[in-house]
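What follows is one structure encoded as structure tokens, with my remarks underneath.
Here, each number is a calculation from the coordinates, and none is a lab measurement. Treat the numbers as computed from the prediction; the structure is a model and nothing was measured. Here the Cβ is made from the backbone with ideal geometry for all residues, glycine too, and neighbour counts use every protein chain on show.
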Amino acid sequence: MSTLLTIILAVVVVLVLWIIAVYNGLVRLNNKTKEAWSDIDVQLKRRHDLIPNLVETVKGYATHESGVFEKVAEMRSIAMGAKGPAELAVAENNLAGALKSLFAVAENYPDLKANQNFMQLQSDLTDTENKIEASRRYYNGNVRDFNTKIELFPNNVIAGMLKFNKYDFFEVAGAEEKEAVQVKF
């Protein structure tokens, strides 16, 4: 009888240790995914902070282009208020389109293109766009790993009991939005 009890106790201990290991792995991946999202958030805030300076610089040269400025401001405001990866991706894609319009306007003003402040803002925005793309890849990689872990059997049983939910990927909406905002003149 004691052998049977020992076997049952050993199985229970192994099962508890396995559940702890699965839980800790899920928590680790969940936290890495949240950290990756935070990286995207930091880069998007940097982008949002650059935009007003860029608009003001262009306004100084192209005062009669107010519709473009209003559109950029509106899209920036929407992007700053977006919640979650899906909504934010749409808002950021719309903002990128508005920025393309702003740079198209800037192309008509040679003095603006030669302005040192404008050139620095271009450089900063290009750098930020590259960082956003790198952050997006890192986040999506973590989402893939986390979602895979919670979908695999028997991890899915533990994940379901502990209410771990899948994350959405942060994706670019359409083919034309997959290109970075062009800021070269």
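At a glance:
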item	result
Mean residue ellipticity (222 nm) of the chain, computed from DSSP H runs ≥ 4 via -39,500 (n - 2.57), nearest 500	-27500 deg cm²/dmol
Region 1-144 - percent relative contact order, Cα under 8 Å, separation 6 or more	36 percent
Label-point separation in nm, residue 161 to residue 73, each point 7 Å along Cα→Cβ	5.6 nm
Among 61, 109, 143 the positive-end extreme of the charge dipole of region 1-150 (Cβ point charges)	143
Set of lysines with alpha-carbon distance to residue 131 below 22 Å, sequence-local pairs under 8 removed	32, 34, 45, 83, 100, 178, 184
Equivalent-ellipsoid semi-axes of region 1-45, from the Cα gyration tensor, Å, largest first	43, 4, 4
Principal axis dimensions, region 54-185 - Cα atoms, whole angstrom, descending	64, 23, 23
Pairs of alpha carbons in region 1-103 whose separation is greater than 19 Å (percent)	61 percent
Approximate spin-label separation residue 64-residue 120, in nm, with each point projected 7 Å along Cα-to-Cβ	3.1 nm
